[in-house]
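K.L.:
Take this structure first; my questions come after.
The values are calculated or read from the model by the stated rules, or taken from the named source; none is laboratory data. None of these values were measured; they are calculated from a predicted model. Every residue, glycine as well, gets a Cβ built from its backbone with ideal geometry; the counts of neighbours run over all protein chains shown.
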C-alpha cells in the first residue's frame, strides 16, 4: 500500500509547477483530481514546449499529469462551482498556482475552503510571493531564473547570462510545495490541524542557490567569477569542469592538480603543487588541461583516472545514457496508458519506498474524462459513465 492511498487531492493548478507537486502526491498513492476549464483545459495541453504532439496534446502535459483524473468545470458557473465544492469539501489537499488574488475572486481561496473544510491542507505557488511590489508579475520559469541571479552561475566568463536548459524553477517550486504539503499532512495526522503551505518560485530559486549565496554573504559581497573556459561552478577551482577529448567529452570534479599531472602524463600540471593555486590560477590550469585532454580519447583517460579514484565521468547524450547498463539497472522508465488506449513511455517516480519502485500504469487524463464518474460518486448526479 502506498503511503497516501485514501488521500484526496483537488488540484486547480496548471502548466508545470503546481502539477509537478500533484504528480508527486499521485506517485505516493494520492487520488489527484485536476480541475480544468471546459474545452481548453490546462494550458499545458496545447502550449507546446516542443514539436512533439502525443495523441493530440503536448508531450509535457502527458509527462507531468500521468496518474491523475480530470474534472472539467467552469468556475464562473454557479452549477459547476457547486459541483467543485463537493470535491473540495472532501479533499485532504487543495492546491493551485494562480497569481495572488485569483483564487479569492473565484471563491476557492484558503479562508473560503477552510471555512467548509477545517482540516484541509491547502497549498499555493506564486511567482514572487503573496505580497510585495512584485506580487503581480508573471511567474514564468525563464523570468525567475533571470531575476534571481541564477543565470550568472552557468557558462563561461564573458558569455553573458546563461539560463539552464530545463524549467528548473518550476520543478523546484513544485518539489517544495510537495514537501510542505506532506509536512502538514503529518501534522494533521498527529494534531488534527490543517494548514496553508505557500511557495513562491522566487524563494525556491533563491533557496536553490543557498550554497553560493552563503558564500557571497560572507565574502564581502564579491560577485561570483566564472572561469574563462570549461566553467562548471563559479566558486570551485581547477579542474572542475567538462573538457573535450579526442572523441567526446570528459567531466572532472575536484582533485589534486599534481596528481592529475602524473596520471595523465602532463608535466606542466606539476607546476601547481599548492592547493590554493587550483583556484587562484584556475584559468591557466584549465587551459593546460584542456589542451592535453584533446590528445587522447575519453575511454583512454577514464581507464587511467577511474582506477586511481579520480572523480570523473563520461559525458553522455540521452541516446547513450539509455543504452548504458547503469541506466537500465535503474528501471527509470515506465509505459502508461490513457483511457482511449493510447500508450506512451515516460519516467517513473525517482523515490523508492521500502525498497519498492513507485510506478503506475495510468497515463494522463483526457479533458473532463472523469466528470460523469465523479458526479455519480460525489454529487449524486445520475450520469452516463464516460467511455
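K.L.:
Name the single residue, out of those in the stretch 186-206 being exposed (fewer than 14 other Cβ atoms within 10 Å of the Cβ) and in contact (Cβ under 8 Å) with a residue 24 or more places away in the chain, that is farthest from the chain's Cα centre (by Cα).
P.N.:
192
K.L.:
Can you give me the number of residues within the stretch 105-121 that are surrounded by fewer than 15 Cβ atoms within 10 Å (Cβ to Cβ) and part of a loop (DSSP other than H, G, I, E, B)?
P.N.:
3
K.L.:
Moving to a separate point now. Do we have residue 353 as closer than 30 Å to residue 1 by Cβ, surrounded by 12 or more Cβ atoms within 10 Å (Cβ to Cβ), in contact with a helix residue (DSSP H, G or I) (Cβ under 7 Å, 6 or more places away or on another chain) and in contact (Cβ under 8 Å) with a residue 60 or more places away in the chain here? Quick ask: steps written out before the conclusion?
P.N.:
On the way: closer than 30 Å to residue 1 by Cβ: yes; surrounded by 12 or more Cβ atoms within 10 Å (Cβ to Cβ): yes; in contact with a helix residue (DSSP H, G or I) (Cβ under 7 Å, 6 or more places away or on another chain): no; in contact (Cβ under 8 Å) with a residue 60 or more places away in the chain: yes.
The answer is no for residue 353.
K.L.:
Out of the residues in the stretch 122-134 that are under 22 Å from the mean Cα position of the chain (by Cα) and in a loop (DSSP other than H, G, I, E, B), which is surrounded by the most Cβ atoms within 10 Å (Cβ to Cβ)?
P.N.:
Taking the candidates together, the pick is 127.
K.L.:
List the pairs whose first member sits in the stretch 161-176 and is in the same structural domain as residue 199 (by TED's automatic domain parsing), whose second member is crowded, with 22+ Cβ neighbours inside 10 Å and in a loop (DSSP other than H, G, I, E, B), and whose Cβ atoms are under 6 Å apart, counting only residues at least 6 apart or on separate chains?
P.N.:
Pairs found: 167/16; 170/16.
K.L.:
With respect to the numbered conditions (1) surrounded by fewer than 21 Cβ atoms within 10 Å (Cβ to Cβ); (2) part of a helix (DSSP H, G or I), which one is the sole condition not fulfilled by residue 145?
P.N.:
Single failed check for residue 145: (1).
K.L.:
Could you tell me whether any residue of the stretch 70-84 is in contact (Cβ under 8 Å) with a residue 24 or more places away in the chain, assigned to a helix (DSSP H, G or I) and either under 25 Å from the mean Cα position of the chain (by Cα) or outside the structural domain of residue 204 (by TED's automatic domain parsing) (or both)?
P.N.:
Within the stretch 70-84, none of the residues are in contact (Cβ under 8 Å) with a residue 24 or more places away in the chain, assigned to a helix (DSSP H, G or I) and either under 25 Å from the mean Cα position of the chain (by Cα) or outside the structural domain of residue 204 (by TED's automatic domain parsing) (or both).
K.L.:
May I pose another question? Could you pull out the residue among 346, 359 that is assigned by TED's automatic domain parsing to the domain that holds residue 31, outside any helix (DSSP H, G or I) and either out of contact with any helix residue (DSSP H, G or I) (no Cβ under 7 Å at 6 or more places or on another chain) or loosely packed, with under 13 Cβ neighbours inside 10 Å (or both)? Steps first, answer last, please.
P.N.:
Details: 346 fails: either out of contact with any helix residue (DSSP H, G or I) (no Cβ under 7 Å at 6 or more places or on another chain) or loosely packed, with under 13 Cβ neighbours inside 10 Å (or both).
Sole residue among the options that is assigned by TED's automatic domain parsing to the domain that holds residue 31, outside any helix (DSSP H, G or I) and either out of contact with any helix residue (DSSP H, G or I) (no Cβ under 7 Å at 6 or more places or on another chain) or loosely packed, with under 13 Cβ neighbours inside 10 Å (or both): 359.
K.L.:
I would also like to ask the following. Can you pull out every residue in the stretch 226-250 that is in a strand (DSSP E or B), within 24 Å of the chain's Cα centre (by Cα) and surrounded by fewer than 18 Cβ atoms within 10 Å (Cβ to Cβ)? If you could, list the steps in order and put the result at the bottom.
P.N.:
Within the stretch 226-250, the first condition is being in a strand (DSSP E or B), and the residues that meet it are 241-244, 249-250.
Okay, now just the ones that are also within 24 Å of the chain's Cα centre (by Cα), so 241-242.
Matches in the stretch 226-250: 242 only.
K.L.:
Can you name every residue in the stretch 251-293 that is surrounded by fewer than 13 Cβ atoms within 10 Å (Cβ to Cβ) and over 24 Å from residue 225 (Cα atoms)?
P.N.:
Selection gives 265, 267.
K.L.:
Just one of 32, 84, 52 is touching a helix residue (DSSP H, G or I) at 6+ places or on another chain (Cβ under 7 Å) and either buried (at least 22 other Cβ atoms within 10 Å of the Cβ) or under 22 Å from residue 204 (Cα atoms) (or both); which is it?
P.N.:
One residue alone meets the criteria, 32.
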